[in-house]
1. With viscosity set to 1.567 mPa s and temperature to 4 °C, compute the Stokes-Einstein D of segment 40-127, Rh being the Kirkwood radius across alpha carbon pairs; µm²/s, no decimals.
2. Taking R0 as 35 Å, what's the FRET efficiency between residue 15 and residue 402 from their Cβ-Cβ distance, rounded to 0.05?
3. Do you know the relative contact order of segment 103-272, to the nearest whole percent, from alpha carbon pairs under 8 angstrom that are 6+ apart?
4. Based on the Cβ-Cβ distance of residue 96 and residue 176, what FRET efficiency does E = 1/(1 + (r/R0)^6) give at R0 = 51 Å, to the nearest 0.05?
5. With a/c under 1.5 counting as rounded, go ahead and sort segment 331-401 into rounded, prolate or oblate using the C-alpha gyration tensor (a ≥ b ≥ c being the square roots of the eigenvalues; past the cut-off, prolate if a/b is larger than b/c, else oblate).
6. At a threshold of 8 angstrom on Cα-Cα distance, excluding pairs fewer than six apart, so keeping six or more, what relative contact order does segment 1-140 reach in percent?
7. Hey, if you put +1 on the Cβ of every Lys and Arg and -1 on every Asp and Glu Cβ in the chain, which of 118, 373, 37 ends up farthest toward the positive end of that dipole?
8. Where does each of 12, 199 land when they are ranked from fewest to most other beta-carbon atoms within 10 angstrom?
Amino acid sequence: MAHFAYRNGELHAEDVPLARIAGRYGTPCYVYSRAALTGAWRAWDGAFAGHDHLVCYAVKANSNLAVLNILARLGSGFDIVSGGELARVLAAGGDAGRVVFSGVGKSADEMRQALAAGILCFNVESAAELSRLSRVAAACGRTAAVSLRINPDIDARTHPYIATGLKQNKFGIAWEEALALYRRARELPGIAVTGAGCHIGSQITEIGPFVAALGRILELADALRAEGMVLGHIDAGGGLGIRYRDESPPRIADYAAALVEGLGKRPVRLLLEPGRSLAGPAGVLVTRVEYLKRGAARNFAVVDAAMNDLMRPALYDAFHEVLPVARAAGPQTEWDIVGPVCETGDFLARGRSLALAEGDLVAIMTAGAYGMSMSSNYNSRPRAAEVVVDGGAMHLARERETVADLMARESILP
């Protein structure tokens with residue numbers, strides 16, 4: 001993570017020491033690098049430069065308005081899964097005509113909201129959703145551009161909670177049923193068939209599953225073409241993995257080359273939906289050591305961040321590197337990095353060798369994706385501040401919540 005590096009023993013975000021950010025905005029605090037986010041998006045866009053394409057950032061990875069605005073300025077598209085995410089994209093300056101709407105449970109209100117905004121496409125995930133979208137669009141006097149999300153029954157070989165392309169998953173339409181549903185879609189009022197796509201999971205570190213899934217989608221596209229239904233785009237989804245520990249994910253250029261080769265000479269636009277690979281390496285969570293607690297079996301460094309701030313370790317047993325914000329020369333001890341929440345599952349890291357003292361700052365690395373966006377107020381804990389660093393400048397992208405904020409919409413009985 002070149003944008004987070006030590007200088008004279010102090011960990012920096014670009015040109016700003018993390019300790020300075022913690023001193024100004026407190027802890028826990030998410031810190032994002034604008035340069036890292038910009039560089040990652042440009043790498044994606046450049047890798048597909050030889051083919052008609054649109055990079056649609058998966059908003060669920062990190063939906064902070066400042067993050068979305070940085071991407072919107074670059075010309076990014078957006079992959080959303082709720083009406084709230086659409087509202088965020090528009091508030092951040094995103095172009096509705098570059099938005100694709102995924103998700104298995106779109107409500108009628110969300111459909112109306114997206115139709116009114118003029119989004120690029122609905123990624124439809126079931127026959128029931130297609131029927132509802134037809135009724136809603138016809139009642140609004142609008143036409144919904146539709147791409148069916150196909151479940152290709154491809155094993156992405158990732159954590160089972162983030163695998164989405166197998167028969168037992170709730171996502172998408174079975175490949176065997178897709179052709180018949182496309183035929184039905186062609187006849188429905190308010191529906192215009194424009195594409196086909198899939199998304200098989202997240203944190204995938206091999207190219208093979210992507211190529212296999214694309215092959216199934218292209219087989220379907222060829223069958224549709226034979227029946228006179230010519231698709232304008234193929235959506236390859238997202239899911240390309242990043243390095244948290246010792247993973248060896250493919251280079252974006254190699255991934256792009258494999259997909260473009262799979263497309264062959266088909267004159268279709270390619271949509272991509274990266275999320276983690278854009279935002280993950282661009283962020284860290286800075287937290288302060290409250291107590292050091294040595295035990296007979298394990299030693300605990302109790303910090304002021306917790307599972308409500310970063311859910312991934314508790315939910316997936318996910319690994320995040322932990323670095324001291326200021327390098328210390330003292331002896332190292334093996335610590336479990338844990339938070340104040342009243343759950344045994346409240347840990348951020350286990351078995352890390354660090355030289356720590358009470359009051360020290362540590363950085364939980366590669367936390368820009370599925371960190372703040374999955375955070376909660378469990379134990380009535382206000383959510384963290386978010387800061388974007390741009391060179392030597394710090395920008396407060398989200399104020400820290402207060403307990404009063406948490407109670408503002410509640411009331412006691414009369």
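Each value in this text was obtained by applying a stated rule to the coordinates, not by laboratory testing. Keep in mind it's a predicted model, so treat the numbers as computed, not measured. Glycine also receives a Cβ, built like all others from the backbone with ideal geometry; neighbour counts cover every protein chain displayed.
1. Numbers: Rh = 13.2 Å.
In µm²/s, the coefficient is 98.
2. The computed FRET efficiency comes out at 0.70.
3. On the way: 307 pairs, mean separation 34.2, N = 170.
This gives 20 percent for segment 103-272.
4. 0.90
5. Working: a/c = 2.12, a/b = 1.27, b/c = 1.67.
Taking the square roots of the gyration eigenvalues as a ≥ b ≥ c, segment 331-401 is oblate.
6. Numbers: 169 pairs, mean separation 20.6, N = 140.
Once divided by the residue count of segment 1-140, the mean separation gives 15 percent.
7. Sorting the options by dipole projection puts first 118.
8. Numbers: 12 21, 199 26.
In increasing order of surrounding Cβ atoms, one gets 12, 199.
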